[in-house]
Amino acid sequence: MAIKDILKMGDERLLRVAKPVEAFDTPELHALVQDLLETMKDAHGAGLAAPQIGVDLRVVIFGSGNINPRYPDAPIIPQTILINPILEPLCEEMKSAWEGCLSVPGLRGLVPRHVALRYRGFDLDGTEIDRSVDGFHARVVQHECDHLDGVLYPMRIEDMRQFGYTEVLFPQLAADGDDD
Ligand code: NI
C-alpha cells in the first residue's frame, strides 16, 4: 500500500483501453484499490482511475465523505469503488462545466457531459452496483470512466478558448492551495 506517482498527460499509458477485471476480492485487487484511495486522498482528488497510476485495469474510485477543497461547492458523492463500469446516458441533454484532472495539473477546461446517467459495475468484492445519478456525480463518473478508454478531458473540450491555467482562470481557487 502506498501513495503512487500519478501519470501526466503525454504518458502513453494514459491512452490505453484498460482491461476488464476478471477476479474479485483478490489480494491484488484490494492492494490496487488501497493504493488508489491513498493516492487520491493525498492529491485531494475527486476521483482516480487505475490507468492514472499505470495499472491497465478497469477500476475507478471517486467521491468522498467530506467536502473536497478542489470542488467546495460540489455536493457530496458517496465514496465508491467501481469496477468494469458500464455507462448509459439517461437523456440527450449535455451540459458544460469546468473540469480538472490530476493527470493534467494546473489546468482547467470547460467540458460537456451528459446531465444524467445510469452506471453499473462491481464493488471490490464483486457486489453489483447500479445507480442512476445526475449533476456533479454524473460528471465525475463520466470523467473517471473516460480514463479507462484512454480519454483525457482536454480531448472533449469543444472550444479550446475555454481551456487554461487554474491560477489565471480561477485565482482564488489557486490561492487556496489547489495544486493541480
Ligand atoms: Ni482525470
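Derivation of every value follows stated rules applied to the coordinates shown; laboratory data play no part. In this text the structure is predicted, and so the values were computed from the model without any measurement. All Cβ positions, even for glycine, are placed from backbone atoms using ideal geometry, and neighbour counts span all protein chains on display.
Kindly provide the GluC sites (Glu not before Pro) of the stretch 74-180 that DSSP labels as loop, not H, G, I, E or B, and whose Cβ sees at most 14 other Cβ atoms within 10 Å. All intermediate terms of the calculation are to be shown ahead of the outcome.
On the way: sites: E92, E93, E99, E128, E144, E158, E167; in loops: E92, E93, E158.
Loop-located and lightly packed - E92, E93, E158.
What are the radius of gyration and Dmax of the chain, computed over its Cα atoms and given in Å?
My reading of the Cα-based Rg and Dmax gives 15.4, 45 Å.
If the reach is capped at under 27 angstrom between alpha carbons, list the lysines near K95, excluding any in the same chain fewer than eight residues apart.
Excluding near neighbours in sequence, the set is K8.
Using modelled backbone amide H atoms (1.01 Å from N, in-plane), which distant-in-sequence or interchain residues come within less than 5 Å of L107's amide H?
Under 5 Å from the amide H of L107: C101, T166.
Can you give the angle from 0 to 90° between the axis of helix 135-147 and the longest principal axis of the chain, with both taken from C-alpha atoms, to the nearest 10?
Once rounded, the angle reads 70 degrees.
How would you classify the stretch 100-166 from its alpha-carbon gyration tensor, with a ≥ b ≥ c the square roots of the eigenvalues: rounded for a/c under 1.5, else prolate if a/b is greater than b/c, otherwise oblate?
Details: a/c = 2.78, a/b = 1.90, b/c = 1.47.
Prolate, because a/c is 1.5 or more and a/b exceeds b/c.
What FRET efficiency comes out for the pair D123/D159, r = Cβ-Cβ distance, R0 = 41 Å, nearest 0.05?
Step by step, r from the Cβ atoms, then E = 0.65.
Between L7 and I86, 0.36 nm times their residue separation minus their Cα-Cα distance comes to what? If you can, show how the numbers build up before the last one.
Values: separation 79, 0.36 × 79 = 28.44 nm, distance 2.41 nm.
26.0 nm is the gain from fully extending L7 to I86.
If one takes the longest principal axis of the Cα atoms in the chain, at what angle in degrees, from 0 to 90 and to the nearest 10, does the Cα axis of helix 27-43 lie?
With both axes taken from Cα atoms, the answer is about 20 degrees.
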